[in-house]
Amino acid sequence: MCMGIASSSVCCYLGFPCVEDDAFLSLLFRTTCVGYFTCSLLPYLLGPCKVSQAVLRTGMLVHSASAFLVSAYWCVGFGEWALLIVMVDLFQVFGVMVLLGDHVHRHFVFTFLGTIVAYMCRSERDAAAFHGLDMRAWAAMTVTVVVLLVGGVWFSGHHSIQFLQKKWDAVTSILAMSQEECLGL
């Protein structure tokens, strides 16, 4: 939750350069950041309870809505968008696993499909109005924040993440085996 508070603060500070020419969309993006900040802060203050669970789930949905908005008005480049969306989806999965513990698949599918649809249906934005380096710097900062979030959750030591780490270790050890070792020869 603390990482969510920090990331949403950075998100609100950075804004979204692809909608700077549209005050409403810029406000909408910052509103999703403030919404996620609030949905991360309230459960932290309230402690574990049913209200906290509902607020956290709402926060994950607000996080998805922010990803939809970013995808619908993306104007930097496909590679940057793809990297950001992979990281956003990983954070969504890890966040739901750690904070909520249920409906992980539903949150992931909702976020992943929504971002794909929003990106595919977006109208081409005129990127010439923005300095290319500034937009790429924004994309780099945004991806860095989400990578730090995903890394923080991955190394959190939460039991659901430890389970995933054990699965990952098992898969990598199987993939590293030779054919003879795998067949038990």
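Residues that are under 22 Å from Ser123 (Cβ atoms) and either hydroxyl-bearing (Ser, Thr, Tyr) or under 15 Å from the mean Cα position of the chain (by Cα) (or both): does segment 47-65 have at least one?
First, the residues of segment 47-65 that are under 22 Å from Ser123 (Cβ atoms): 64-65.
Going one step further and asking which of them are either hydroxyl-bearing (Ser, Thr, Tyr) or under 15 Å from the mean Cα position of the chain (by Cα) (or both), we end up with 64-65.
Yes - at least one qualifying residue is present in segment 47-65.
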Cβ pairs under 8 Å, 6+ apart, first in segment 89-101 and under 19 Å from Ile5 (Cβ atoms), second outside any loop (DSSP other than H, G, I, E, B) and among the basic types (Lys, Arg): Leu100/Arg57
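Does Thr111 satisfy the condition of being in contact with a His (Cβ under 9 Å, 6 or more places away or on another chain), surrounded by 13 or more Cβ atoms within 10 Å (Cβ to Cβ) and modelled with pLDDT of 70 or more? I'd like the intermediate steps shown before the answer.
On the way: in contact with a His (Cβ under 9 Å, 6 or more places away or on another chain): yes; surrounded by 13 or more Cβ atoms within 10 Å (Cβ to Cβ): yes; modelled with pLDDT of 70 or more: yes.
Yes, satisfied.
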Evaluation of Ser123 against (1) surrounded by 21 or more Cβ atoms within 10 Å (Cβ to Cβ); (2) not in a helix (DSSP H, G or I) (one fails), failing number: (1)
Subset of segment 71-104 (residues that are among the small types (Gly, Ala, Ser) and more than 16 Å from Phe29 (Cβ to Cβ)): Gly77, Gly79, Ala82, Gly95, Gly101
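Just a yes or no: is a residue in segment 46-53 out of contact with any Leu (no Cβ under 7 Å at 6 or more places or on another chain) and modelled with pLDDT of 85 or more? I'd like the intermediate steps shown before the answer.
First pass over segment 46-53, keeping only residues out of contact with any Leu (no Cβ under 7 Å at 6 or more places or on another chain): 46-51.
Narrowing the set further to residues that are modelled with pLDDT of 85 or more leaves 50-51.
Within segment 46-53 (the criterion being out of contact with any Leu (no Cβ under 7 Å at 6 or more places or on another chain) and modelled with pLDDT of 85 or more), the answer is yes, since at least one residue qualifies.
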Residue within segment 68-82 that is in contact with a Leu (Cβ under 9 Å, 6 or more places away or on another chain), within 23 Å of Gln162 (Cα to Cα) and modelled with pLDDT of 85 or more present: no
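The values are calculated or read from the model by the stated rules, or taken from the named source; none is laboratory data. The model shown is predicted, which means the values in this text are computed figures rather than measured ones. Glycine also receives a Cβ, built like all others from the backbone with ideal geometry; neighbour counts cover every protein chain displayed.
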